[in-house]
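*Asks:* Below: one structure in C-alpha cells.
The values are calculated or read from the model by the stated rules, or taken from the named source; none is laboratory data. Being a predicted model, the structure only gives us computed values, none of them experimental. Cβ placement follows ideal geometry from the backbone for every residue including glycine, while neighbour counts extend to all protein chains displayed. Only protein heavy atoms, including side chains, enter the accessible area calculation; ligands, DNA and RNA are left aside. Shrake-Rupley method; radii C 1.70, N 1.55, O 1.52, S 1.80 Å.
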Amino acid sequence: MSKTHLTLSDRVRIQSGLDKSESFKKIAEAIGKDCTTVSREVRNHFVVERTGGLGKGYNDCLNKYSCKATNGECVNDKCSKTTCRYCPSFCMTSLCPSYVREKCVKLKKPPYVCNGCPSRPNCNLEKHIYRPQKAQAEYEHTLSGCRSGFVIGEDEAMELGSTLKEGLKKGQSVYHIIKSVGEEAVGYSAKTIYTYIDAGVFEGIGNLDLPRKVRYKKRKKSCQQNVKKDKACRIGRTYADYLAFRQENPDVVIVEMDTVEGKKGVEEKCLLTIHFTNCRLMLAFIRDRNSAASVVEVFDRLRTLLGNDTYARLFPVLVTDNGGEFSDPRPIEMDSRSGEILSQVFYCDPGQSQQKGACENNHELIRRVIPKGKSMNPYTQEKIDLMMSHINSYLRAELGGRSPYDVFSFMYGTNILDKLSIRRIEPSEVVLKPSLLD
C-alpha cells in the first residue's frame, strides 16, 4: 500500500467513485491507499454549494412547507411570492422570526458529500460537493504552509480545546477523549494533540492538566526486603512453579490480585483488587483491615455469588505477592464444603512486583480517584463499585479502543458484571477524579 501523498489523478478517481456511489474501500483499492485516507480526504476538502433543485430555489428553512407567512403575508413588504418555499431572496433568513436552518442528515455519515446522492437534482438544501481541482489546490496550499507553523486553525483550536477541557476535567486521557468523541470528528491523532498541548496551542490547557505527563519522584530503594515470615504457603506455589504450570497450560486465564492502601494504619480500610489480564477488567472490594481473613471473606462471597462453575472459570489461576494478607491460599483455592479444587494460587518472587505488572499498572487509575495517603474509611462498597465502573469503562489502546467492560461482557456475558455491580458508563461520562466519590 502506497504511503505517498494523493495526486491530482488520485483525486479525480475519488470523485469518479463518489459520483458512482462507490464505497471508500473500493475507491481506496483503486488508488492503492487506505480507506481512512479517502475518508479524511473527502471530509477535509469538500465544497459548499447553496443551490436549489429542478424548479426550486435554494431554501434551507426547516419550516418552509408549514410556514404561516403565506398567501402574501410575508414580513418582507417587497416580497411578491405567495409561499415562502419558492422564495429565492432568502428573506426568511434575515427577517422571518420562524426561520430554522435545516441540514441534510445524510451528510453526517459516509460518504459525507452529495456527489452520488440520487436526491441531489431535487434537493434545495445546502450541498457538499467533492471537486478534485479544488482539493488539489487546498492540498498544495497546506503543504507549503504546514512547514511554517501548525496546520490547525484558530477557530478549530478553540472548538477542540473546549472538548479537551471537558474531558480532562473528568480525569480522562487524550486517547480516551478521541475515542469517545470519535476519531473522525476530532481529525487528529493523540500524538499530534500532545504536540499541540506542549506548544500551548489550546488556551488554558498545559502539560500539568494531563493525567500522566508529570514528573515522578525517583523511588527510594529499600535496603531490606519484606519477605513472608511463614513460607509454608509458598510450597508448590512459587513463581517458578507458576512458569512451569503456564508451560503446560498456555491457554489458561491469568488473574492477578493485590492490595491498595490509602492512609496507613491498623484501623484503616483498604482495597483488594482482582485484575483479569485477558481483558484488563479489574474488581475492587473494600475491607475493614488488611488481613488474611478479610481476603478469604471476599472470595467466599464471590464463590457464593457466582457458583462454583463460574468461579472456577473466572479464577483458574491467581497470581499475587508475598503480603501477609495472602498467606492463607487454601480457602481461596477450594470449596470448604465439598473440598473441590476450583483455583490455584501462585506467588511472585519477593520484591518482584513486575511479575504481576498488569495489576500494578491498573492501580494508577485507582490513584487518580483515591490519591495515595487518603483514608478510605468514608467509602462503602457501593462507592467502590461506582469507581470501578468508571475505570472499567475507560477506553484502552491495547484493547483496540474498547473498554474492559465491553471485552469482558463479550467473553463472559453481562450477567456476571451485573452480579458484581459493575455497569457500563458512556465514554463521554467517564470521570477519573476524586470528585467522583466526594
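*Asks:* Quick one: which residue in V266, V252 is of a type in the set (A, V, I, L, M), open to solvent by 20 Å² or more (accessible area, probe 1.4 Å), free of Cβ contacts under 8 Å to residues at least 60 places away in the same chain and assigned to a loop (DSSP other than H, G, I, E, B)?
*Replies:* Just one listed residue meets the conditions, V266.
*Asks:* Taking region 1-30 only, how many residues are surrounded by fewer than 19 Cβ atoms within 10 Å (Cβ to Cβ) and hydrophobic (A, V, I, L, M, F, W, C)?
*Replies:* The number of residues fulfilling the criteria is 4.
*Asks:* Shifting gears a bit: Considering every residue within region 86-109, establish whether at least one is aromatic (F, W, Y), buried (at least 16 other Cβ atoms within 10 Å of the Cβ), modelled with pLDDT of 75 or more and closer than 20 Å to H128 by Cα.
*Replies:* So far as region 86-109 goes, no, none of its residues is aromatic (F, W, Y), buried (at least 16 other Cβ atoms within 10 Å of the Cβ), modelled with pLDDT of 75 or more and closer than 20 Å to H128 by Cα.
*Asks:* Given (1) assigned to a helix (DSSP H, G or I); (2) open to solvent by less than 20 Å² (accessible area, probe 1.4 Å), where does Q172 come up short, assuming only one miss?
*Replies:* Evaluating Q172 over (1) assigned to a helix (DSSP H, G or I); (2) open to solvent by less than 20 Å² (accessible area, probe 1.4 Å) leaves (1) as the failure.
*Asks:* Okay, moving on. Mind listing just one residue for me: the one in region 157-169 that is in contact (Cβ under 8 Å) with a residue 24 or more places away in the chain and over 21 Å from Y394 (Cα atoms) and, of those, most open to solvent (accessible area, probe 1.4 Å)?
*Replies:* Once the filter is applied, the top-ranked residue is M158.
*Asks:* Before we move on, is R301 more than 27 Å from the chain's Cα centre (by Cα), over 23 Å from Y239 (Cβ atoms), open to solvent by 10 Å² or more (accessible area, probe 1.4 Å) and at pLDDT below 95?
*Replies:* Yes, satisfied.
*Asks:* Go through region 386-405 and give me each residue that's buried (at least 18 other Cβ atoms within 10 Å of the Cβ) and of a type in the set (D, E, K, R).
*Replies:* Hit for region 386-405 is R396, nothing else.
*Asks:* Let me confirm something: among D328, D309, which residue is over 22 Å from L420 (Cβ atoms) and not in a strand (DSSP E or B)?
*Replies:* Within the list D328, D309, the selection yields D328.
*Asks:* Something else now. Among the residues of region 389-425, what is the count of those that are farther than 23 Å from S189 by Cβ and of a type in the set (D, E, K, R)?
*Replies:* Here the count works out to 4.
*Asks:* Still on this structure: Only residues that are of a type in the set (A, V, I, L, M) and either open to solvent by 20 Å² or more (accessible area, probe 1.4 Å) or farther than 23 Å from I391 by Cα (or both): list them for region 277-297, please.
*Replies:* I286, A292, A293, V296
*Asks:* Among the numbered criteria (1) at pLDDT 90 or above; (2) farther than 25 Å from A185 by Cβ; (3) not aromatic (F, W, Y), which single criterion is violated by V38?
*Replies:* If we test V38 against (1) at pLDDT 90 or above; (2) farther than 25 Å from A185 by Cβ; (3) not aromatic (F, W, Y), just (2) comes out false.
*Asks:* Still on this structure, I have one more. Would you be able to tell me the number of residues in region 347-363 that are touching a residue at least 40 places away in the same chain (Cβ under 8 Å) and under 22 Å from the mean Cα position of the chain (by Cα)?
*Replies:* Residues in region 347-363 being touching a residue at least 40 places away in the same chain (Cβ under 8 Å) and under 22 Å from the mean Cα position of the chain (by Cα): 5 in total.
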